[in-house]
Every structure is written in C-alpha cells, then in structure tokens.
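Nothing in this text is a laboratory measurement; each read-out follows from the coordinates by a stated rule. Just so we're clear, the structure is a prediction, and the values are computed from it rather than from any experiment. Neighbour counts run over all protein chains shown; Cβ positions are idealised from the backbone, glycine included.
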2 protein chains.
Amino acid sequence: MDTKTLFKERRSVNFFDKNKPIDETLLKEVVDMAVLAPSAFNLQPWRIIAIRTDAGKNRLVGLANKQEKILDAPVTLIIIGNKDGFADSNPVWDEMLASVGGNTEMVAGAKQAATFLYGSSEDRKLKFAESNAGLLAMSLMIAAKDKGIDSHPMSGIDFDGIHKEFGLKESETVVMLIGLGYFDSSKQLFPRRPRRLFEDITTII
Amino acid sequence: MDTKTLFKERRSVNFFDKNKPIDETLLKEVVDMAVLAPSAFNLQPWRIIAIRTDAGKNRLVGLANKQEKILDAPVTLIIIGNKDGFADSNPVWDEMLASVGGNTEMVAGAKQAATFLYGSSEDRKLKFAESNAGLLAMSLMIAAKDKGIDSHPMSGIDFDGIHKEFGLKESETVVMLIGLGYFDSSKQLFPRRPRRLFEDITTII
C-alpha cells in the first residue's frame, strides 16, 4: 500500500466487525513487519499478549472500561514495555555479542552505557520502556493497515488491573492496548479530529 | 512509496551527507504527515524543536555524546513529551468542545477521565508523555522515509542537560532525538541487526 494513502486512511476505528477473524499467520505477518521498528541499542524492550479467545476477552474487557470493541475485535494486543530491557537478561545482548565476533569488551561497554542511560532511576526505566514500546505500537498500527487491518489504540484502561490479571512482572509496564480487526461498515466513522500542524508544534533553532 | 518496501529500507543511518539540506517546506511536509499519528483523546501531548543552524547543532552536540551525526544531519528533531498534556492548558480541548457543538458537559467528562487516567501520579504523567510521543517519533521516521529522508533516533543523550539547555518546562520530557537527512553513500551501512519475531515476543491467550 502507498504510505501516503495509508497515513490518510489509518483511523482509530471504534467498531470492529465481529464476524471477520484474523488468523495467526496474518497476525504473525503484522508483528514481524512491525518489529522492524528501531529501538535503543536494538534492545527491543517489549513483548505482546495477543487476546484472541472469548475467555481472554472476558478477562480483559472489565479492565478496559467495558469497551465493546474488546469483545468485537478479533484480536486485541496488550503492548508491554520492559523497564529492565537494558539488563543482562535481555537475549538481544547475546545476539549483539555474536554480531561483533564475540568482542566481549565492546558488549560490556554497551551494557554499561545502556544501564547508565536507561537504568539510573525508576523514571528513566519507565521512560525507556514506554518510549520504545511507543515506537513498536505505531509500527504495529501501520503494519496492520498495510495488510488492510484496522486498529484502535486504547489507554483508557486499568493499567494496574491488567498488569495483575495477566501476571506481568514487576519490571514490566502495560503501555497500551491495540484492537485489531476490520471496521464494521454498518457503523459510521466520525470525521477525523484535527491535528496541530508544523507551525503549531515546531520551534526552529 | 510502498509501505512494505519502506519498512525494509528504513534504517537507522549513522552517517548523513552534510551537503544535502532539508528545506523548511519539506520538513513541514514530514511533520504534517506524521502528526496523523493517534494519541490518547487526540491530546497530542508533544512538540518538536528542530535544530537546523550551526549554532543550534553546537548547543546540542555536547549533550548527545558528541555524536558526529548531530553536526552532519541537516536537521535534528528534539521530540518533547508533555506530561501535563491532559490539563486545561492543552488547546486541543477547545477544538474538542467546538467539534461536539459546544457540549461543555461532554468535554468536562473527558477532561476528568483523562486526568484520572494520566495524571494520578508522576509515573502516570511520564508514561502518558513518553508513550504518546513514541507514537509520534515512529510516525515521523516513516513519514520522512516516504519522502526519501533517512533518519536516526538517538537516546544516548543527556536528557536533563538538553532539558535545561533548551529551556523546557518542568512538565516536559525529552523523549529522544531524531536526526534527519540523507545517508552519506561514501560510508558503509552495517547489516541490519536481527529482530525478535512473533514467536519470540508474543503470547496468545
């Protein structure tokens, strides 16, 4: 799909057609395209819980202000950020070590830098997880639209309740939900809300 | 540009051709395309400082680990998140009021909900600013690439130093920098670092 058209046509869709499923192969295609997003040190401090079953939707809907679209969307993604994504436990470090021909000193230096930059306080850790996972979230919505799939990001949710219900680690943060599916064309889409443009938001120095 | 190709070809480019400028018209086109990104309640809790002059680059480079690309890139964007973006002071609320035909009760309800969701603690405020600005950052890199412009997100930076040097408000957070320009083709781009794929990062429920 042409990217300009995609940006114009990507809308946050409030109503999903509950009779149009997304199979796992298609979901994989979306995710595998979206993870091409960049991240700090390529650490990819994120993971996804994909809610596809009725049982899963029922666990989630009450924690998302009972939004009907959780029940209607064939898939809702819980986007999870890893506040400890710079730590030794991240498997990306092993991949990095291999990619630099086993130069342990170089990787140790990168780990030290990442820990200093992103791990020096609880604020920094949260910032690291949320901003990187934000990159993934946008990438997912664009990758989905490229495959004709509509989306709706949701942050009108019980962040702590979802964290608990789905057994997230202390080091993890619920960034947002993204409903995926196909717009229910029997419904009406509101006109797109206006955006603040270049002149409104940019200072040139 | 075809979005699949764009995703494959968008790389974080370490070397920018310092002889290829980006004029303000083109920069505006990138930003105005990127702001079509969604945000919570459409609050768009973000703004941008675009560093284009030598004087600006000299102020920034020392706060970005002296990365050469700050000096070479024709433009570097400071992506700023607004931790108070749900507050009355956000002009988007006035636009929302107009869009619902002056229904003050509806807008008051939305403000109350947003304040509850995003303003209940310092953590929540940071999370709100960083995740929404993350959506914008990814959108900017894709919009740039659509216009043939390469980019490089940077978070190996002195967040507090940049905050101070550029006079940001207490309620604002430096999310990341994004260098924009054209790859210096006399340099070599490293192979793309691998990504963790669907199977590695997704739990299905």
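So here's what we get for this one:
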quantity	calculated
10 Å binning of all Cα-Cα separations within the stretch A:1-131, expressed as whole percents from 0 upward	11, 29, 29, 22, 9, 0
Listed residue pairs exceeding 22 Å between alpha carbons, taken from A:K147/B:K145; B:K8/B:K145; A:K145/A:K187; A:K145/B:K127; B:K28/B:K145; A:K69/A:K169	A:K145/B:K127; A:K69/A:K169
Sorted by Cβ density within 10 Å, fewest first, the residues B:I149, A:I204, B:I162	A:I204, B:I162, B:I149
Hydrodynamic radius (Kirkwood) for the stretch B:111-158, which is based on Cα pairs only, to one decimal in Å	12.7
Inter-chain shielding of B:39-51 (mean C-beta neighbours from other protein chains, 10 Å cut-off)	4
Neighbour-count order for A:T115, A:T3, B:T104, fewest beta carbons within 10 angstrom listed first	B:T104, A:T115, A:T3
Sorted by Cβ density within 10 Å, fewest first, the residues A:T25, A:T53	A:T25, A:T53
Ranked by how many other beta carbons lie within 10 Å on average, peptides B:73-83, A:89-99, A:39-49 from highest	B:73-83, A:39-49, A:89-99
For the axis carrying chain A to chain B: nearest C-beta residue of A, whole Å	A:G134, 1
Peptide A:121-129 - average C-beta neighbours from other chains (10 Å radius)	4
Cα-projected label distance for B:D94 with B:E165, points at 7 Å along beta-carbon direction, nm	3.4
The protein assembly as shown: mean projected area of Cα convex hull, nm²	19.0
Translational diffusion of the stretch B:1-70, µm² s⁻¹ [Kirkwood Rh, Cα pairs; Stokes-Einstein; 4 °C; 1.567 mPa s]	86
DSSP H segments from chain A that extend 30 Å or more along their own axis, Cα-based, with Kyte-Doolittle mean of -0.5 or above	A:122-146
Square roots of 5 times each gyration tensor eigenvalue, C-alpha, the stretch A:67-205, largest first, Å	34, 20, 17
Full-extension gain in nm, B:T25 to B:K187, via 0.36 nm per residue minus C-alpha separation	55.5 nm
